[in-house]
Amino acid sequence: MFFRFCLTAVVCLIALECRADEATPRFAIVIHGGAGRISSDPAHRKARGEVLDRVLHDAKQRLADGAAALDVVERVINTLEDAPQFNAGRGAVFNAAGAHELDASIMDGRDRSCGAVAGVRTVRHPITLARRVMTDTRHVLLSSDGAEKFADEVGADIERVNNDWFSTKPQKARLKQIQAMKRPAAEHLMGTVGCVVLDTHGDIAAGTSTGGMTNKKFGRVGDSPIVGAGTFADNATCGVSCTGVGEDFIRNAIAYQISAQMEYAAKSLEDSVHHMLHHPRHQISGGIIAISAAGDITMQFNTDGMSRAAADSSGRHEVHVAE
Ligand code: ASP
């Protein structure tokens, strides 16, 4: 009798384990390509969708093979930084002076280590330089001339380009269009890139890279390189990457607050992100992607659209270019 009881208990436990395994994704990834009113040009939309789909397939394969979250975040963002359809790296927006100043940050959820760069002008992949700030210095954020000097010190691992390498025709047209407006609407934001990953080791990483906002004033720094505003990651709670009017995300410490709500108020990931995005006091315009420690994915925005993609080990694979 006792033996039968033990046997039944063991079988039940194994069954429960299997159910938990099925329910909990072994890995999860979410990507954004900026929030706002996405261009209705079919060729632009198609190109964006194809890039997102390609990076998602590549990342999924790597994660299934055991790649680390940080490596996948950096690789995804590197690819998007090279795609002119996004406002990061190659396709960075113009500032008011007709030049490009790029920002990026990356965070490791294992120990909250992080690195960021702001206002870089000659770095092809700002996210890679941000990662080197994290690993090679005792600092979190290096800006403009200092960040450029640090890139010189790192040497060949950091690819350099002339500032006009970032100049593309569509962004030039956008600058002219926005300079002609009396009060540019937030709807015109679009194209910042971000990625959050939960890997098969249970580690979370997040990163964000951007050219900032079109027509921004010299030296302006948005939320993307500000840890706790545009990017956050903690294995205990979640990873977050934001996009939208950076000043609002900084004012409200949006990315950190999502983690804090989960940690201190036991809120779900979905509710925490919804709260931050829609609370009237926050007055934010943009989008947020995040993954919880349990592998839940959320992609929310309060603008017309947000380019985004998500996948996990249960077979989920989705790409949305706009709405
Ligand atoms: N958050 C970025 C910034 O303010 C812009 C964006 O996400 O589109 O620089």
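One equal scatterer on each Cα of segment 71-114, no solvent, Debye formula: the resulting log10 I(q)/I(0) at q = 0.17, 0.18, 0.32 Å⁻¹ is -0.57, -0.62, -1.10.
The mean of 1/r over all pairs of different alpha-carbon atoms in segment 127-268, once inverted, gives a Kirkwood hydrodynamic radius of 17.0 Å. Within the same chain, lysines fewer than 8 places from residue 176 are excluded, and of the rest, those with a Cα less than 19 Å from its Cα are 216, 217. Working from Cα positions, state the angle (0 to 90°, nearest 10) between the long axis of helix 126-136 and the longest principal axis of the chain. For helix 126-136, the angle is close to 60 degrees. Stokes-Einstein, applied to the Kirkwood radius of segment 47-174 over Cα pairs at a viscosity of 1.002 mPa s and 20 °C, places its translational diffusion at 141 µm² s⁻¹.
What the phi angles of segment 271-278 give under the Karplus curve with 6.51, -1.76 and 1.60, with θ = phi - 60°, is a coupling list of 5, 4, 5, 4, 4, 5, 6, 10 Hz, glycine and proline written as x.
3J(HN,Hα) along segment 99-113, derived from phi through the Karplus expression 6.51 cos²θ - 1.76 cosθ + 1.60 where θ = phi - 60°, amounts to 10, 10, 10, 10, 10, 7, 8, 9, 9, 9, x, 5, 9, 6, 6 Hz, with x in place of Gly and Pro. Out of every Cα-Cα pair that the chain contains, those further apart than 27 angstrom amount to 40 percent. Angle of helix 254-265 to the longest C-alpha principal axis of the chain, folded into 0 to 90 degrees and rounded to 10: 20°.
Shown in residue order for segment 311-318 are the 3J(HN,Hα) couplings computed by the Karplus curve 6.51 cos²θ - 1.76 cosθ + 1.60 at θ = phi - 60°: 7, 8, 6, 7, x, 4, 7, 9 Hz (x for Gly and Pro). Round to the nearest 10 and give me the degree value, 0 to 90, for the angle of helix 42-64's Cα axis relative to the longest principal axis of the chain. Approximately 40 degrees, to the nearest 10.
Read-outs: derived from the displayed coordinates by stated rules, not from any lab. In this text, all values refer to a predicted model and were calculated from it rather than measured experimentally.
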